[in-house]
Amino acid sequence: MSFETDVLNFAAKAQERVDVVVRKIVFDMTSDIVKMTPVDTGHARSNYFWGVFRVTDIDPAMDKRGGPSLSRAADFASNLRAGGVVYLTNNLPYIMRLEFGSSKQAPAGMARITCARHQARVNKIVAELR
């Protein structure tokens, strides 16, 4: 093997590891946000969407565990590669009220808390992959 081949192989392996981290973050963040989302009917928990564009869909599902959101996150993350911008959306008309404390179940919100924990989570995932 040449030095150039060694460097290219190293770069490819490093990129794959970064992609794995990004995929794990997407799924873990979704899982945390879904778990923190107040639940009555399950409609709010079922309406998180990831995309490279802001998704405008609303899912009629009423799954108290947020299965549709988790399934979409897993599907989205399965081929995700690091780089670029991705969006997490929930288009229900009352999601902002829930985020900003209208429910006693999540008075400090869901997404804001998860994002605040983001850096510590990234550091932990990177450490696990070493």
Exercise. Quick one: is GLY42 open to solvent by 60 Å² or more (accessible area, probe 1.4 Å), not charged (D, E, K, R) and not in a helix (DSSP H, G or I)?
Worked result: no
Problem set entry | Tally of residues being of a type outside the set (Val, Ile, Thr), modelled with pLDDT of 75 or more and open to solvent by less than 90 Å² (accessible area, probe 1.4 Å) across the stretch 3-26 | 4
For this session: Could you please let me know if VAL86 is in contact with a helix residue (DSSP H, G or I) (Cβ under 8 Å, 6 or more places away or on another chain) and open to solvent by less than 70 Å² (accessible area, probe 1.4 Å)?
Result: yes
For this session: Specify the residue that is nearest to ASP28 (Cα to Cα); the eligible residues are those in the stretch 76-103 that are assigned to a loop (DSSP other than H, G, I, E, B) and without any contact (Cβ under 8 Å) to a residue 12 or more places away in the chain.
Result: ASN79
For this session: Quick one: which residue in PHE53, PHE100, PHE76 is in contact with a strand residue (DSSP E or B) (Cβ under 6 Å, 6 or more places away or on another chain) and either over 20 Å from VAL122 (Cβ atoms) or crowded, with 19+ Cβ neighbours inside 10 Å (or both)?
Result: PHE76
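The values are calculated or read from the model by the stated rules, or taken from the named source; none is laboratory data. All values reported here derive from a predicted model rather than from experimental measurement. Positions of Cβ are generated from backbone atoms using ideal geometry, with glycine treated the same way; all protein chains shown enter the neighbour counts. Ligands, DNA and RNA are stripped out before the accessible areas are found, and what is left, the full protein with its side chains, is counted by its heavy atoms. Shrake-Rupley method; radii C 1.70, N 1.55, O 1.52, S 1.80 Å.
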